[in-house]
1. At q = 0.13, 0.17, 0.23 Å⁻¹, work out log10 I(q)/I(0) for the stretch 76-196 with the Debye formula, treating every Cα as an identical point scatterer and leaving solvent out; two decimals please.
2. How big is the charge dipole of the chain about its Cα centre, in debye rounded to the nearest 20, if each Lys and Arg gets +1 on its Cβ and each Asp and Glu gets -1 on its Cβ?
3. Just from its helices, what would the mean residue ellipticity at 222 nm be for the chain, if runs of 4 or more DSSP H residues each count -39500 (n - 2.57) and the sum is divided by every residue, rounded to the nearest 500 deg cm²/dmol?
4. I need the fraction of alpha carbon pairs in the chain separated by more than 28 Å, rounded to a whole percent.
5. Whole number in Å², please: accessible area per residue of the chain, 1.4 Å probe, ligands, DNA and RNA not counted.
6. Would you mind pulling out the separation of the Cα centroids of the stretch 10-34 and the stretch 145-163, in Å?
7. Mind pulling the per residue volume of the convex hull built on the Cα atoms of the stretch 42-82? Å³ is fine.
8. Give the aspartates and glutamates whose C-alpha is closer than 12 Å to that of residue 22, dropping any in the same chain fewer than 8 places away, or say none.
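The values are calculated or read from the model by the stated rules, or taken from the named source; none is laboratory data. None of the values given here were measured: they were computed from a predicted structure. Ideal geometry is used to build each Cβ from the backbone, glycine not excepted, and the neighbour counts take in all protein chains shown. When the accessible area is computed, the model is the full protein with side chains, heavy atoms only, and any ligands, DNA or RNA have been set aside. Shrake-Rupley method; radii C 1.70, N 1.55, O 1.52, S 1.80 Å.
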Amino acid sequence: MTISEVGAGTQRAGSSAVANPKTQALPANVTAGNLVVVASYTNRTTGVFVAGDCTKNAGSTATLGTIYLVKAAKHSAVDQVAGIWVAKVATGGSLTMAVAGDGSNFVSCVVNEYSSDVGFDDTSSATLLEASNSAEGTTATAINSGNATSAGKALFLGAVAVNNGALITLTLGSGWTNIFSSLNGTTEEVGQGATKIVSTGTTDSFNTTISVAPTQWVAVVAVIKEQASAGTAIMGRSIWMTA
């Protein structure tokens, strides 16, 4: 049972703009059975993300199963919103994803693709999502979503939306890999989408350190599990011999 990032990062992509919606294409065709991940961070005024805010963009030749919103949160005092969706690829092909904005504020679309040697069960969000968490803060430079726990091998996904008008850096915690980040708060919404693949039961948070103290932030984490392995049954047979 092994989860892998497709192409060792060649499928990572992301962008942000004042747009509605914001679209982002995967750099190469996606493969049937793999999992597509979409993260977004925004300062939109229309409230927290809902499942339907992430869609497959017209013109894509790939088809997807249900697109599940596995975690989203909005800061209680301001418009910062972060969210994560996942969808299993039903048939391979080109793929562009879209995240709804409100047309007047920045919205991002961060995408990546992952494979598993035993597959992902997308019967429901519960068969994919093992755990999730979220947290918000103000001027702390250490951003932390709060812990989530996997029972075994799993894919941890994280996203953060930051209210910060400065040019900054974001330094991820141990084992986390950046998918895409926006670092210039003078021209865009500061934020990040990231992932961590673990090979054993793990308790961890999405955590990143910002170089310039923000005004506010909200962060989310989601843990995606593989399909349960059926295992291999070995049957024996006894042979009796008589003289």
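1. -0.62, -1.03, -1.62
2. Working: 11 positive and 14 negative charges, 54 e Å.
About 260 debye.
3. Numbers: 1 runs with 4 residues, N = 243.
Helix contribution divided over all residues of the chain: 0 deg cm²/dmol.
4. Values: 8583 of 29403 pairs.
Tail of the P(r) past 28 Å holds 29 percent of the pairs.
5. Values: 10140 Å² over 243 residues.
Per-residue accessible area for the chain comes out at 42 Å².
6. When both Cα centres are located, 20 Å separates them.
7. Working: hull volume 3.2 nm³, N = 41.
Considering the Cα atoms of the stretch 42-82, their hull volume per residue is 77 Å³.
8. Cα-Cα hits under 12 Å: 53, 102.
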